[in-house]
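The values are calculated or read from the model by the stated rules, or taken from the named source; none is laboratory data. None of the values given here were measured: they were computed from a predicted structure. All Cβ positions, even for glycine, are placed from backbone atoms using ideal geometry, and neighbour counts span all protein chains on display. These area figures cover heavy atoms from the full protein model, side chains too; ligands, DNA and RNA do not enter into them. Shrake-Rupley method; radii C 1.70, N 1.55, O 1.52, S 1.80 Å.
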Amino acid sequence: VHFPDVERVEWLNKILVQAWPYFGTIMEKTFKEVLEPKIRAKNVHLKTCTFTKIHFGEKCPRINGIKAYTKEINRRQVILDLQICYVGDCEIHMDISKFNLGVKGVQLYGTLRVILEPLLTDAPFIGAVTLFFMQKPHLEINWAGISNLLDVPGINVVSDSVIQDFIAARLVLPNRITVPLKKNMNIAHLRFPIPHGVIRVHLLEAENLVQKDSFLGAIRGKSDPYAVLRVGTVQYRSKTVSRDLNPIWNETFEFVVHEVPGQDLEVDLYDEDPDKDDFMGSLLISLVDVMNDRTVDEWFPLSKTTSGHLHLKLEWLSLVNDQEKLHEDKKGLSTAILIVYLDSAFNLPKNHFEYSNGECGAKKIKNNKYLKKMEREPSSFVLLTVGNKTQKSKTCNFSKDPTWGQAFTFFVHSAHSQSLHIEIKDKDRDGALGTAVVCLSHLLKDPNMTLDQRFQLDHSSSDSFIKMKLVLRAFSVEEPDPQRVKAGVSASKQGPVHVVEKGGNQQKCVSPPKPEVSKVPPVSKDSAAFESQLKKDSKEDLDTNDSSAAPAPTETVAGLNETEREQNPEHHPSSASHTRAVVLPTLPVVQEMRLAPSVASLGSLPSSCFELSSSNLELHNGTEVPLGEIQLTVRYASIRQSLVVLVNGCRNLVPPSSRGVDPYVRIYLLPDRRWASRKKTSVKKKTLNPQYDEKFEFFESLEEVKKRTLDIAVKNSRPFISQERKELGKVRIDLSQEDLIKGFAQW
C-alpha cells in the first residue's frame, strides 16, 4: 500500500481466511433455502431450477488496506474505506430444464465505504452500519455452460455488465445498504442522507494541447478536442471544438456530491475522430479542497500527456433551507436541488383499463391470453420528471403494494413555477397505473421546505397512494474561511506577499512563513534560557510583521516538551497554530503556523527550519560547523497533483573566499539526477543572505513523491577557471517522513 494514510490490516485478512469455510457453509444454506425458491417463483420456465453444486472455494477476499476518517467528519460517526480484492475459485452450478449453467471463478476489485453511525452512549455503541461502493467495482465472471444458455427458455444472456448494473442499482453511490444494529433505530436519514453539496464546473478553455490528428501518418494536423467530466457515476460530455489546440468551450456542468471526502472530479480530454477518439490528457481534482476553498479559478496542468493546461472555474454550492436564496438565476443556472425519497405505493390496480374508458378495456379483455396476464399483480416502476429530466426507478415484480426505497435528485431553476410529475407504469403493458403532479411551490409553505406524506394517485383506483418524501434545498455560495490558504489558486500569477523588515540588515524583505528561530539555542541549553529566548523571539516576530500584509500569520514557537508549553501558554493563542517537535542537528524547535491567504500557491502551510550540512565539504578544522541556513516551503498540492517547493532564501552563508559569494540553489528529486529534471534558482550577486522566493513544481503522484528524497544544494556561481569551492552547503529531506498534504516551511 503506497498511500501513507492507508493502513495494512493483515490481522483482519487472517480472520477472513479462518472464517471463510464457515461463511461458505452459511451461503450454501442460503442459496438452497432462500435463493432457489425465489428463482423458481420468478417464471414458469424456472420452476425446475436446482443448484447442483455450491462451493465457495479456498480463496477468500482480501482487504488490501483501510483508510479511516475521524477528523474531517461528524463526531458521531466513523468512516472506513476498504480496498477490497477478491480473486475467487468459487464454483456454483445449477440445472434448469436439463440445461447446466454455472460460474467458475469471480474477480472483484473496488473501494467499499463503511460508515458507522450514529455512535451511541449505550450498547451496542453503534446505531447502524451503512455500506456502498464509491465507484462501480470492477467485476469479471468466468461462466461455465454458457454455450447452452441461449437454448434455455425464459432466460436472456447473462453478462457481466448486467450484474454490474444490478450491483450499481443497490450498492454504488448514491445507493447504499443500511443495517440497523439497535432496535427501533430510524435509518431513513442514514439510507438517504441529504447530499454534501453541489459542484458547479465551468469548463472554460484549454491551451497547448497535444496534436493527435495526422495526415498520411506524417503531417501533424490540429485536433478536435472535447472533454468528458465525471463525478461518481454521473458523466457529461462537452461540445467538440473543431481543429483547435487552444479550444474555448465556456460550458457549465453541475454535479451532486454525496460523499466528501471520497468523491473526486475527473476530467478527460479526447480528440474526436471518425474511428477511435484519441486520449489527450486527464485531470483529477479533490473536491475536499474545492469545498474548503469555495471557489477555485485556475489553469490546471494535464497529466498522462506531454503538454497542455485546462482552465476551470469550480464553485462549491452549499445546500441551505433558506427561501430567500431561491430567486431565479439570470444566466439560467440552477438555484436549488429537489431530493425525492421514493418509498412505496399502495393498492395499485391490476390493470389500468378498469379505471379508464370501458369500451377500450372490453375489447382488450376478450383476448384470453391477455386476461391471464391481467390476473396477476403488476410489476411496476416509476418515472419521475422535473423540467426536461426524467429518471426511472427499479422494477418491483408482482406486487400491488410495491416498495422501491430509492432516492433521486433534480436540479431546479424556478421553485415557484416548476412541478414534479410522477407516473407509475407496468413493465409488461403500456399506459399508466397511476399519475401524480406535485407543485414545488407547496414545499415553500413548509419552513424546512420538506413534504413527507402519501400522495393520492390520479387515473388510478380511489384508494391508490404513493408515499414519498420531498426535500427542497437552495444553493448558497458561502465565503471561504479567511484564515485558510486557498489550495487551488495559481501561483504563477501571484507570488508570496513580501513583508518589509524594520531591521537594517542585508535582507530587504521576507516572505510570511519566516519565524525568527535562528537565535534559539541548541538542545543542551537549560530551559530557563530557552524560555527567555522564546519570549524575545516572539516579540521580535510581532515587531517585524507589517500590518499592511493581508491577514498576518500568528507566529508561535513550539516548546521542546509539554512542560515548556505549559510555562508559555501565551505563545499558543489559537488552535489554528499547530505545533510539533522535530529532532534536527542544532535546532530543537520546529514551529508550524497558518499562512496569509495571499501566499497563493502553497495551500494552508505551517512554518519552521533546515540547517545546511557540512558533512560532505572539506573544512579547515575538520569539525561539523554550520554553513548557514536555507528557508524552504514544501507541500503536496493534491488539486494540482504536484510537489510544490518554494525556495524563500538563505542566511548566514559561509563565504569560500574574501571576494564574496554569488549564491544560487539547485534542486533534485532523488533518485532522478537527470539534467532535464534539475531545478535551479536565479543567481544573487555578492550576498550571504540571498532572497529568492522562487517556486518549483514536480508533477508526480503523492505515493510516488513519498518514495523520493529532496536534494537541495546552495552553490556559488563562479568563473569556469576559478579554484574556489562551488558548493556552499547541502540539505536532504526524506519525504516519506513528512506530512506533505499539510506541508511545512522551515529554516
Only one of Arg484, Arg473 that is closer than 16 Å to Val340 by Cβ and either modelled with pLDDT under 80 or not small (Gly, Ala, Ser) (or both): Arg473
Can you name the residue in region 663-684 that is among the hydroxyl-bearing types (Ser, Thr, Tyr) and part of a loop (DSSP other than H, G, I, E, B) and, of all such residues, is nearest to the chain's Cα centre (by Cα)? Thr681
Which ones in region 377-395 are farther than 24 Å from Pro195 by Cβ and either among the hydrophobic types (A, V, I, L, M, F, W, C) or surrounded by 21 or more Cβ atoms within 10 Å (Cβ to Cβ) (or both)? Pro378, Ser380
Might you check whether a residue that is at pLDDT 90 or above, assigned to a loop (DSSP other than H, G, I, E, B) and under 29 Å from Val296 (Cβ atoms) occurs anywhere in region 222-238? yes
Return the pairs, sorted by first residue and then second, in which the second residue is part of a helix (DSSP H, G or I) and charged (D, E, K, R), the first residue lies in region 24-40 and is touching a residue at least 60 places away in the same chain (Cβ under 8 Å) and within 19 Å of Cys90 (Cα to Cα), the beta carbons are less than 9 Å apart, and the residues are 6+ apart or on different chains. none
For Gln83, state whether it is open to solvent by 90 Å² or more (accessible area, probe 1.4 Å) and among the polar types (S, T, N, Q). no
Is region 698-714 home to any residue that is assigned to a strand (DSSP E or B), touching a Leu at 6+ places or on another chain (Cβ under 8 Å), open to solvent by 30 Å² or more (accessible area, probe 1.4 Å) and within 30 Å of Ser282 (Cβ to Cβ)? yes
All-but-one check, Ala336 against (1) open to solvent by 20 Å² or more (accessible area, probe 1.4 Å); (2) modelled with pLDDT of 90 or more; (3) of a type in the set (Gly, Ala, Ser), failing number (1)
Sort out which residues of region 442-463 are touching a Phe, Trp or Tyr at 6+ places or on another chain (Cβ under 9 Å), of a type in the set (Asp, Glu) and not in a loop (DSSP other than H, G, I, E, B), and write them in order of number. Asp452
Hits in region 85-105 - residues which are under 28 Å from the mean Cα position of the chain (by Cα) and of a type in the set (A, V, I, L, M, F, W, C): Cys85, Val87
Out of all the residues in region 282-326, which are of a type in the set (S, T, N, Q), closer than 28 Å to Gln211 by Cβ and in a strand (DSSP E or B)? Ser282, Ser303
Sole residue being open to solvent by less than 30 Å² (accessible area, probe 1.4 Å), of a type in the set (Gly, Ala, Ser) and part of a strand (DSSP E or B), chosen from Gly127, Gly57: Gly127
Given the structure, is Asn64 of a type outside the set (A, V, I, L, M, F, W, C), farther than 26 Å from Gln107 by Cβ and open to solvent by 30 Å² or more (accessible area, probe 1.4 Å)? no
Which ones in region 643-662 are within 47 Å of the chain's Cα centre (by Cα), crowded, with 21+ Cβ neighbours inside 10 Å and assigned to a loop (DSSP other than H, G, I, E, B)? Leu653
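Condition check ((1) open to solvent by less than 60 Å² (accessible area, probe 1.4 Å); (2) at pLDDT 90 or above; (3) closer than 21 Å to Thr335 by Cβ) across all residues:
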site: Lys372; (1), (2), (3): no, no, no
site: Glu375; (1), (2), (3): no, no, no
site: Asn397; (1), (2), (3): yes, no, no
site: Asp401; (1), (2), (3): no, no, no
site: Ala415; (1), (2), (3): yes, no, yes
site: Val438; (1), (2), (3): yes, yes, yes
Could you run through region 629-677 and say how many residues are without any contact (Cβ under 8 Å) to a residue 40 or more places away in the chain and of a type outside the set (S, T, N, Q)? 8
Starting from region 163-181, keep only residues that are of a type in the set (Lys, Arg), then list their pairs with residues that are open to solvent by less than 30 Å² (accessible area, probe 1.4 Å) whose Cβ atoms are within a distance under 7 Å, requiring at least 6 positions of separation or different chains. Arg176/Thr130; Arg176/Phe132
Given the conditions (1) part of a loop (DSSP other than H, G, I, E, B); (2) buried (at least 17 other Cβ atoms within 10 Å of the Cβ), report the number of the one that Ser242 does not fulfil. (2)
Filter region 417-435 down to residues that are aliphatic (A, V, I, L, M) and surrounded by 20 or more Cβ atoms within 10 Å (Cβ to Cβ) and give me whichever is farthest from Arg200 (Cα to Cα). Leu433
Could you tell me whether Ser677 is surrounded by 15 or more Cβ atoms within 10 Å (Cβ to Cβ) and at pLDDT below 90? no
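Conditions (1) at pLDDT 90 or above; (2) closer than 22 Å to Ala168 by Cβ, marked per residue:
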site	(1), (2)
Lys71	no, no
Ile96	no, no
Gly110	no, yes
Arg113	yes, yes
Asp122	no, no
Gln135	no, yes
Glu140	no, yes
Output the residues belonging to region 1-40 that are part of a helix (DSSP H, G or I), among the hydrophobic types (A, V, I, L, M, F, W, C) and open to solvent by 80 Å² or more (accessible area, probe 1.4 Å). Trp11, Ile15, Val17, Phe23, Ile26
Residues that are over 23 Å from Val172 (Cβ atoms), part of a strand (DSSP E or B) and at pLDDT below 90: does region 353-365 have at least one? no
